[in-house]
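To start, the structure itself, in C-alpha coordinates.
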Amino acid sequence: MTEAQQVIVSIEQGILSIELNRPDKKNALTNDMYKIINEALVKAKTDEGIHVVLFAGKGDCFTAGNDIADFLDSDIAFEKKEVVRLLRILTNFEKPIVAGVHGSTIGIGTTILLHCDIVVAAKETKFALPFVPLGLCPEAASSLLLPNLVGHHQAAELLLLGEAFNTEKAEKLGLINRVVETREVRLQAMALCQKLTSLPVNALLQTKRLLKSAPNTVEERISQELDVFGKLLQSKEAKAIFQAFLNKC
Ligand code: COA
(Lines give C-alpha, C1' and ligand atoms only; values in the text may rest on other atoms or scores of the structure.)
Protein backbone atom coordinates (compact mmCIF):
# COMPACT_ATOMS: atom_id res chain seq x y z
CA MET A 1 0.00 0.00 0.00
CA THR A 2 1.45 3.41 -0.90
CA GLU A 3 1.59 6.28 1.57
CA ALA A 4 -0.99 8.19 -0.47
CA GLN A 5 -3.54 5.45 0.09
CA GLN A 6 -3.02 5.55 3.85
CA VAL A 7 -5.24 8.62 3.87
CA ILE A 8 -8.15 8.65 1.46
CA VAL A 9 -9.13 12.15 0.47
CA SER A 10 -12.24 12.82 -1.59
CA ILE A 11 -14.44 15.78 -2.39
CA GLU A 12 -18.11 15.30 -3.07
CA GLN A 13 -20.98 17.78 -2.97
CA GLY A 14 -19.08 20.36 -0.94
CA ILE A 15 -17.73 17.83 1.57
CA LEU A 16 -14.01 17.15 1.91
CA SER A 17 -13.73 13.68 3.34
CA ILE A 18 -10.46 12.65 5.01
CA GLU A 19 -10.39 8.97 5.94
CA LEU A 20 -7.47 7.29 7.69
CA ASN A 21 -6.66 4.05 5.97
CA ARG A 22 -3.84 2.16 7.65
CA PRO A 23 -5.91 -0.52 9.32
CA ASP A 24 -3.02 -2.97 9.87
CA LYS A 25 -1.48 -0.37 12.21
CA LYS A 26 -4.77 0.80 13.72
CA ASN A 27 -4.57 3.94 11.56
CA ALA A 28 -1.57 5.18 13.58
CA LEU A 29 -0.58 8.50 12.06
CA THR A 30 2.82 8.99 10.44
CA ASN A 31 4.42 12.21 9.28
CA ASP A 32 3.51 11.33 5.68
CA MET A 33 -0.12 10.78 6.63
CA TYR A 34 -0.30 14.13 8.43
CA LYS A 35 1.18 15.74 5.31
CA ILE A 36 -1.64 14.42 3.14
CA ILE A 37 -4.21 15.63 5.67
CA ASN A 38 -2.56 19.06 5.81
CA GLU A 39 -2.49 19.45 2.03
CA ALA A 40 -6.19 18.57 1.85
CA LEU A 41 -7.08 21.04 4.62
CA VAL A 42 -5.02 23.84 3.08
CA LYS A 43 -6.86 23.31 -0.21
CA ALA A 44 -10.20 23.27 1.64
CA LYS A 45 -9.42 26.64 3.23
CA THR A 46 -9.47 28.48 -0.08
CA ASP A 47 -11.68 26.21 -2.20
CA GLU A 48 -15.10 27.86 -2.11
CA GLY A 49 -16.65 24.62 -3.33
CA ILE A 50 -15.75 22.92 -0.03
CA HIS A 51 -18.09 23.83 2.83
CA VAL A 52 -17.47 21.08 5.39
CA VAL A 53 -14.76 18.59 6.36
CA LEU A 54 -15.34 15.02 7.52
CA PHE A 55 -12.75 13.00 9.51
CA ALA A 56 -13.21 9.24 9.79
CA GLY A 57 -11.22 6.01 9.90
CA LYS A 58 -11.34 2.87 7.77
CA GLY A 59 -11.07 -0.57 9.38
CA ASP A 60 -11.84 -1.30 13.01
CA CYS A 61 -10.92 2.08 14.52
CA PHE A 62 -10.53 5.81 14.02
CA THR A 63 -6.87 5.96 15.06
CA ALA A 64 -4.45 4.63 17.70
CA GLY A 65 -2.88 8.10 17.65
CA ASN A 66 0.53 9.19 16.56
CA ASP A 67 2.72 6.41 15.18
CA ILE A 68 4.98 5.56 18.10
CA ALA A 69 7.89 4.67 15.80
CA ASP A 70 7.56 8.17 14.31
CA PHE A 71 8.06 9.63 17.79
CA LEU A 72 11.55 8.13 17.69
CA ASP A 73 12.31 9.48 14.20
CA SER A 74 14.64 12.38 14.87
CA ASP A 75 15.39 13.09 11.18
CA ILE A 76 12.80 15.86 11.25
CA ALA A 77 13.02 18.54 13.94
CA PHE A 78 9.97 18.34 16.20
CA GLU A 79 8.68 21.82 15.30
CA LYS A 80 8.98 20.93 11.58
CA LYS A 81 6.80 17.82 11.91
CA GLU A 82 3.57 17.77 9.96
CA VAL A 83 1.58 17.07 13.14
CA VAL A 84 2.60 20.50 14.45
CA ARG A 85 1.46 22.04 11.16
CA LEU A 86 -1.85 20.18 11.42
CA LEU A 87 -2.52 21.64 14.87
CA ARG A 88 -1.82 25.15 13.60
CA ILE A 89 -4.10 24.62 10.57
CA LEU A 90 -6.91 23.28 12.74
CA THR A 91 -6.67 26.19 15.18
CA ASN A 92 -7.45 28.66 12.41
CA PHE A 93 -9.71 26.46 10.30
CA GLU A 94 -12.88 28.37 9.44
CA LYS A 95 -15.11 25.67 7.95
CA PRO A 96 -17.14 23.22 10.07
CA ILE A 97 -15.48 19.88 10.83
CA VAL A 98 -17.47 16.73 11.58
CA ALA A 99 -15.77 13.61 12.96
CA GLY A 100 -17.10 10.07 12.90
CA VAL A 101 -15.13 7.85 15.30
CA HIS A 102 -15.18 4.20 16.29
CA GLY A 103 -12.92 1.65 17.97
CA SER A 104 -9.59 2.91 19.31
CA THR A 105 -9.58 6.71 19.35
CA ILE A 106 -6.34 7.40 21.16
CA GLY A 107 -3.97 10.32 21.73
CA ILE A 108 -4.40 12.79 18.91
CA GLY A 109 -7.43 10.70 17.88
CA THR A 110 -9.13 12.13 20.98
CA THR A 111 -7.46 15.56 21.14
CA ILE A 112 -8.36 16.31 17.52
CA LEU A 113 -12.02 16.03 18.54
CA LEU A 114 -11.56 19.18 20.63
CA HIS A 115 -10.94 20.97 17.31
CA CYS A 116 -13.94 19.43 15.56
CA ASP A 117 -17.41 20.94 15.67
CA ILE A 118 -19.67 17.88 15.74
CA VAL A 119 -18.59 14.36 16.74
CA VAL A 120 -20.48 11.14 16.06
CA ALA A 121 -19.15 8.11 17.97
CA ALA A 122 -19.83 4.40 17.84
CA LYS A 123 -21.15 2.79 21.03
CA GLU A 124 -17.97 0.76 21.58
CA THR A 125 -15.42 3.55 20.96
CA LYS A 126 -12.45 3.55 23.34
CA PHE A 127 -10.96 6.98 23.97
CA ALA A 128 -7.66 7.60 25.76
CA LEU A 129 -5.12 10.35 26.37
CA PRO A 130 -2.09 8.28 27.39
CA PHE A 131 0.48 11.07 27.21
CA VAL A 132 1.74 10.82 30.80
CA PRO A 133 1.98 6.99 30.73
CA LEU A 134 4.10 7.42 27.58
CA GLY A 135 6.36 9.93 29.36
CA LEU A 136 4.87 12.85 27.40
CA CYS A 137 2.53 15.75 28.13
CA PRO A 138 -0.76 16.85 26.50
CA GLU A 139 -0.78 18.32 23.01
CA ALA A 140 -3.21 20.05 20.66
CA ALA A 141 -4.03 22.56 23.42
CA SER A 142 -5.85 19.74 25.23
CA SER A 143 -4.46 20.99 28.57
CA LEU A 144 -6.51 24.16 27.92
CA LEU A 145 -9.48 22.96 25.86
CA LEU A 146 -10.29 19.84 27.89
CA PRO A 147 -10.56 21.58 31.32
CA ASN A 148 -12.56 24.35 29.63
CA LEU A 149 -14.94 21.71 28.31
CA VAL A 150 -15.19 19.28 31.21
CA GLY A 151 -13.77 21.11 34.26
CA HIS A 152 -10.41 20.69 35.98
CA HIS A 153 -11.07 17.51 37.94
CA GLN A 154 -12.38 15.46 35.02
CA ALA A 155 -9.63 16.76 32.72
CA ALA A 156 -6.96 16.07 35.34
CA GLU A 157 -8.15 12.47 35.71
CA LEU A 158 -8.14 11.89 31.96
CA LEU A 159 -4.80 13.61 31.35
CA LEU A 160 -2.86 12.56 34.45
CA LEU A 161 -3.89 8.90 34.55
CA GLY A 162 -4.26 8.49 30.78
CA GLU A 163 -6.73 5.62 31.23
CA ALA A 164 -9.10 4.57 28.48
CA PHE A 165 -12.70 5.73 28.77
CA ASN A 166 -15.85 4.67 26.98
CA THR A 167 -18.49 6.37 24.87
CA GLU A 168 -20.86 6.71 27.80
CA LYS A 169 -18.27 8.78 29.67
CA ALA A 170 -17.33 10.77 26.56
CA GLU A 171 -20.99 11.63 26.04
CA LYS A 172 -21.45 12.61 29.69
CA LEU A 173 -18.40 14.87 29.46
CA GLY A 174 -19.69 16.54 26.31
CA LEU A 175 -16.79 15.39 24.14
CA ILE A 176 -19.12 13.84 21.57
CA ASN A 177 -22.53 14.76 20.17
CA ARG A 178 -24.14 11.49 19.07
CA VAL A 179 -23.77 7.82 19.81
CA VAL A 180 -24.68 5.33 17.10
CA GLU A 181 -24.04 1.73 16.06
CA THR A 182 -20.57 1.21 14.54
CA ARG A 183 -21.98 0.50 11.07
CA GLU A 184 -23.91 3.79 11.22
CA VAL A 185 -20.98 6.09 12.14
CA ARG A 186 -19.86 7.15 8.68
CA LEU A 187 -23.43 7.36 7.41
CA GLN A 188 -24.57 9.57 10.29
CA ALA A 189 -21.47 11.76 10.14
CA MET A 190 -21.97 12.14 6.37
CA ALA A 191 -25.65 13.00 6.88
CA LEU A 192 -24.59 15.80 9.25
CA CYS A 193 -22.09 17.05 6.66
CA GLN A 194 -24.83 17.06 4.02
CA LYS A 195 -27.13 18.96 6.34
CA LEU A 196 -24.38 21.52 6.98
CA THR A 197 -23.67 21.96 3.26
CA SER A 198 -27.36 22.66 2.66
CA LEU A 199 -27.24 25.69 5.00
CA PRO A 200 -26.36 29.28 4.01
CA VAL A 201 -22.57 29.17 3.80
CA ASN A 202 -21.73 32.67 5.04
CA ALA A 203 -23.98 32.30 8.07
CA LEU A 204 -22.32 28.96 8.80
CA LEU A 205 -18.77 30.32 8.56
CA GLN A 206 -19.49 33.42 10.61
CA THR A 207 -21.17 31.31 13.30
CA LYS A 208 -18.17 28.99 13.56
CA ARG A 209 -15.92 32.06 13.75
CA LEU A 210 -17.99 33.45 16.64
CA LEU A 211 -17.97 30.09 18.43
CA LYS A 212 -14.19 29.88 18.14
CA SER A 213 -13.30 33.48 18.85
CA ALA A 214 -11.40 34.35 22.02
CA PRO A 215 -13.53 34.71 25.14
CA ASN A 216 -14.71 38.22 25.92
CA THR A 217 -17.40 39.84 28.05
CA VAL A 218 -21.11 39.38 27.29
CA GLU A 219 -21.26 43.02 26.28
CA GLU A 220 -18.31 42.69 23.90
CA ARG A 221 -19.74 39.49 22.43
CA ILE A 222 -23.13 41.12 21.80
CA SER A 223 -21.35 43.88 19.87
CA GLN A 224 -19.22 41.35 17.97
CA GLU A 225 -22.32 39.33 17.02
CA LEU A 226 -24.27 42.45 16.06
CA ASP A 227 -21.49 43.51 13.74
CA VAL A 228 -21.63 40.14 11.91
CA PHE A 229 -25.44 39.95 12.14
CA GLY A 230 -25.81 43.38 10.51
CA LYS A 231 -23.56 42.36 7.62
CA LEU A 232 -25.34 39.03 7.12
CA LEU A 233 -28.69 40.80 7.19
CA GLN A 234 -27.59 42.79 4.16
CA SER A 235 -26.19 39.77 2.30
CA LYS A 236 -27.74 38.49 -0.91
CA GLU A 237 -27.86 35.02 0.66
CA ALA A 238 -30.05 36.09 3.60
CA LYS A 239 -32.22 38.39 1.49
CA ALA A 240 -32.98 35.55 -0.93
CA ILE A 241 -33.98 33.30 2.02
CA PHE A 242 -36.27 35.99 3.50
CA GLN A 243 -37.86 36.61 0.09
CA ALA A 244 -38.44 32.89 -0.50
CA PHE A 245 -40.16 32.69 2.90
CA LEU A 246 -42.37 35.71 2.18
CA ASN A 247 -43.27 34.38 -1.26
CA LYS A 248 -44.57 31.18 0.36
CA CYS A 249 -46.81 33.10 2.81
N1 COA B 1 1.97 3.49 16.63
C2 COA B 1 2.53 2.54 15.89
N3 COA B 1 1.99 1.31 15.70
C4 COA B 1 0.83 1.07 16.32
C5 COA B 1 0.18 2.02 17.13
C6 COA B 1 0.80 3.29 17.27
N7 COA B 1 0.24 4.28 17.97
N8 COA B 1 -0.96 1.47 17.62
C9 COA B 1 -1.03 0.23 17.12
N10 COA B 1 0.06 -0.03 16.34
C11 COA B 1 0.38 -1.25 15.62
C12 COA B 1 0.86 -2.37 16.56
O13 COA B 1 2.24 -2.21 16.83
C14 COA B 1 0.54 -3.58 15.75
O15 COA B 1 1.53 -3.71 14.75
P16 COA B 1 2.05 -5.20 14.34
O17 COA B 1 0.84 -5.92 13.83
O18 COA B 1 3.07 -4.93 13.28
O19 COA B 1 2.60 -5.78 15.60
C20 COA B 1 -0.75 -3.20 15.03
O21 COA B 1 -0.82 -1.79 15.05
C22 COA B 1 -2.00 -3.71 15.71
O23 COA B 1 -1.96 -3.30 17.07
P24 COA B 1 -2.22 -4.28 18.30
O25 COA B 1 -1.64 -3.65 19.52
O26 COA B 1 -1.76 -5.66 17.96
O27 COA B 1 -3.82 -4.26 18.35
P28 COA B 1 -4.76 -4.42 19.61
O29 COA B 1 -6.13 -4.53 19.07
O30 COA B 1 -4.27 -5.49 20.53
O31 COA B 1 -4.62 -3.02 20.41
C32 COA B 1 -4.50 -0.63 20.62
C33 COA B 1 -5.00 -1.82 19.79
C34 COA B 1 -4.79 0.63 19.84
C35 COA B 1 -5.25 -0.60 21.97
C36 COA B 1 -2.98 -0.78 20.91
O37 COA B 1 -2.33 -1.05 19.67
C38 COA B 1 -2.34 0.44 21.50
O39 COA B 1 -2.44 0.65 22.70
N40 COA B 1 -1.64 1.24 20.68
C41 COA B 1 -0.87 2.36 21.14
C42 COA B 1 -1.74 3.55 21.42
C43 COA B 1 -0.92 4.74 21.85
O44 COA B 1 -0.32 4.76 22.91
N45 COA B 1 -0.85 5.76 20.98
C46 COA B 1 -0.03 6.92 21.16
C47 COA B 1 -0.87 8.04 21.61
S48 COA B 1 0.08 9.49 21.92
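The values are calculated or read from the model by the stated rules, or taken from the named source; none is laboratory data. Since this is a predicted model, take the numbers as computed values, not measurements. Virtual Cβ from ideal backbone geometry, glycine too; neighbours counted across all protein chains shown. The area values use the complete protein model at the heavy-atom level, side chains included, leaving out ligands, DNA and RNA. Shrake-Rupley method; radii C 1.70, N 1.55, O 1.52, S 1.80 Å.
Key figures for this structure:
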quantity	calculated
Residue-count net charge about ALA122 - beta-carbon cut-off 9 Å; Lys, Arg +1, Asp, Glu -1	-1
Dipole magnitude (debye, nearest 20) for the chain, charges at Cβ of Lys, Arg, Asp, Glu	720
Cβ-defined net charge surrounding GLU163, 11 Å radius [Lys, Arg +1; Asp, Glu -1]	+1
Of LYS123/LYS212; LYS25/LYS126; LYS95/LYS195; LYS123/LYS195; LYS45/LYS236; LYS81/LYS195, pairs whose Cα-Cα distance is over 25 Å	LYS123/LYS212; LYS81/LYS195
Cα Rg, Dmax (largest Cα-Cα span) when computed across segment 62-174, Å	13.8, 41
Charge-dipole axis of segment 201-248 as Lys and Arg at +1 and Asp and Glu at -1 on Cβ define it, positive-most pick from LEU210, LEU233, GLN243	GLN243
Efficiency of FRET between ALA214 and ASP24 - r from beta-carbon atoms, R0 45 angstrom, step 0.05	0.60
In order through segment 215-231: 3J(HN,Hα) via Karplus (6.51 cos²θ - 1.76 cosθ + 1.60), integer Hz, x for Gly, Pro	x, 9, 6, 4, 4, 4, 5, 4, 5, 4, 5, 4, 4, 5, 4, x, 5
Accessible surface of the chain, 1.4 Å probe, proportion on carbon and sulfur as whole %	57
Calculated P(r) tail over 19 Å for segment 91-149, as whole % of Cα pairs	32
Distant-in-sequence amide H partners of ILE15 (H built 1.01 Å from N, under 5 Å)	HIS51
Segment 201-248 shape via C-alpha gyration tensor axes, a/c threshold 1.5	prolate
ALA28 long-range amide H proximity, modeled H, under 5 Å	ALA64
Heavy-atom accessible area per residue - segment 4-197, 1.4 Å, Å²	48
Convex hull per residue volume in Å³, alpha carbons only, for the chain	151
Helix-derived mean residue ellipticity, 222 nm - over the chain, DSSP H n ≥ 4, -39500 (n - 2.57), to 500	-13000 deg cm²/dmol
